[in-house]
1. Could you check Ser279 against (1) at pLDDT below 95; (2) among the polar types (S, T, N, Q); (3) part of a helix (DSSP H, G or I) and say which number it fails?
2. Do the conditions hold for Ala190, that is, is it crowded, with 20+ Cβ neighbours inside 10 Å, in contact with a strand residue (DSSP E or B) (Cβ under 6 Å, 6 or more places away or on another chain), at pLDDT below 95 and under 28 Å from Glu294 (Cβ atoms)?
3. Within segment 183-237, take every residue that is closer than 17 Å to Leu145 by Cβ and among the small types (Gly, Ala, Ser) and give me the one that is nearest to the ligand (Cβ to nearest atom).
4. Among what's in segment 90-142 and is of a type in the set (Ser, Thr, Tyr) and surrounded by fewer than 19 Cβ atoms within 10 Å (Cβ to Cβ), pick the residue that is nearest to the chain's Cα centre (by Cα).
5. Determine which single condition Thr209 fails, assuming it passes every other condition in (1) over 17 Å from the mean Cα position of the chain (by Cα); (2) closer than 25 Å to Val138 by Cβ.
6. Considering only segment 210-263, how many residues are over 30 Å from Gly298 (Cα atoms), at pLDDT 95 or above, open to solvent by less than 40 Å² (accessible area, probe 1.4 Å) and in a loop (DSSP other than H, G, I, E, B)?
7. Test of understanding: among Ile97, Ile113, Ile117, which residue is within 16 Å of the ligand (Cβ to nearest atom) and touching a residue at least 12 places away in the same chain (Cβ under 8 Å)?
8. Which pairs have Cβ atoms under 6 Å, sit 6 or more apart or on different chains, and link a residue in segment 298-317 that is acidic (Asp, Glu) to one that is surrounded by fewer than 24 Cβ atoms within 10 Å (Cβ to Cβ)?
Amino acid sequence: MEVCFIEEIFIDNSREIKGAEGDMEEEELEQILDKYRAAGKILVEVREAALELVKEGESLLKVAEFVEGEIRAKGGEPAFPCNIARNEEAAHATPSIDDTTVFSADDVVKIDIGVHIDGYIADSAVTVDLSGEYGALVRASETALNEALKIIRDGVTTIEIGEVIEYTIKDYGYKPVVNLSGHGLLRYNAHAPPTIPNVRYAQGVILKTNDVIAIEPFATDGGGKVVESGNAEIYSLIKEKPVRLREARKMLDEIKKYRGLPFARRWLPQERLNLALRSLKNAGVLRDYPVLKEEEKGMVSQAEHTVIIKEDGCEIITAGNQN
Ligand code: CO
């Protein structure tokens with residue numbers, strides 16, 4: 001998840017992209033990359049198991065809780081709540097604590113999973129077409145991802161990646177979602193620069209060996225843009241500030257343990273939760289993530305992998321056996 005709106009795209013253009021954490025010893029760098037890899041390994045196992053559960057009649061809440069529980073059981077932590085977006089929903093959807101929604105036979109389901117080990121994040125998403133009618137739409141985002149992965153290497157620009165994604169999706173007769181993008185990954189930061197656009201932009205940045213990035217094309221048969229809608233179930237800490245309300249102070253203590261990563265409402269103590277979250281949001285301590293839906297209610301597919309950039313290619317840390 002942690003896709004971002006396109007107005008943020010130019011912010012990081014002047015940034016000199018460095019390795020995962022800037023200049024550091026070879027050994028230290030390898031230790032960090034191994035944590036990304038370990039997070040990726042857990043993610044792949046959990047993703048494969050979760051896909052078995054995505055069936056007509058199954059509860060969304062059960063799938064989300066299964067994913068998050070399995071991540072913890074395997075020694076990782078969720079880097080964000082398990083996102084389950086259906087049909088025109090593209091991102092930032094996760095079940096509420098008392099959600100009774102079940103998958104229906106005509107759902108197009110996006111499962112987006114994040115795992116971190118010591119703050120080092122792997123992020124991956126897949127689309128499951130329960131309807132059996134959107135195979136081409138699913139392939140459009142999958143092929144766009146694969147085509148982008150083929151050109152990724154030290155020195156590739158985000159312009160080239162955006163171009164490959166855009167043209168691949170258009171070749172299928174669909175539109176890329178222009179205001180969602182891939183992103184860099186840094187320690188406890190699932191929304192790091194650079195932005196990896198899903199369309200060709202005139203400006204971009206050059207990727208370097210050992211940068212860790214998530215590529216996530218979205219394809220749609222709608223207008224090609226998402227808008228915020230509905231209530232938010234996902235939040236993250238922006239900036240710790242003193243708050244007066246006792247409930248808000250208590251809740252902030254709970255929230256701090258996520259170290260700035262997105263968390264779900266349902267992960268928190270439920271007593272006076274609405275009051276506490278509203279107060280923290282109004283104080284500028286929290287941001288929320290309303291569900292992002294396709295503006296024309298178009299169907300949306302998504303595919304995502306996390307990669308480590310290498311001299312002559314990339315290492316896909318979230319690739320399963322079948323990839
Ligand atoms: Co992502």
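The values are calculated or read from the model by the stated rules, or taken from the named source; none is laboratory data. As the structure is a computational prediction, the values presented were derived from the model and not from experiment. Heads up, the Cβs are rebuilt from the backbone with ideal geometry, glycines too, and the neighbour counts pull from every protein chain shown. We work out accessible area using only protein heavy atoms, side chains counted, and drop any ligands, DNA or RNA first. Shrake-Rupley method; radii C 1.70, N 1.55, O 1.52, S 1.80 Å.
1. (1) is the only condition that Ser279 fails.
2. Yes: the conditions hold for Ala190.
3. Ala214
4. Taking segment 90-142 as the starting set, the residues that turn out to be of a type in the set (Ser, Thr, Tyr) are 94, 96, 100-101, 104, 120, 124, 127, 131, 134, 141.
Narrowing further to those that are surrounded by fewer than 19 Cβ atoms within 10 Å (Cβ to Cβ): 96, 100-101, 104, 131.
On the way: Ser96: 18, Thr100: 24, Thr101: 22, Ser104: 24, Ser131: 24 Å.
It comes out as Ser96.
5. Condition not satisfied by Thr209: (2).
6. Total satisfying the criteria: 3.
7. After ruling out the rest, the residue left standing is Ile113.
8. Glu311/Asp154; Glu311/Thr209; Asp312/Arg153; Glu315/Ile308
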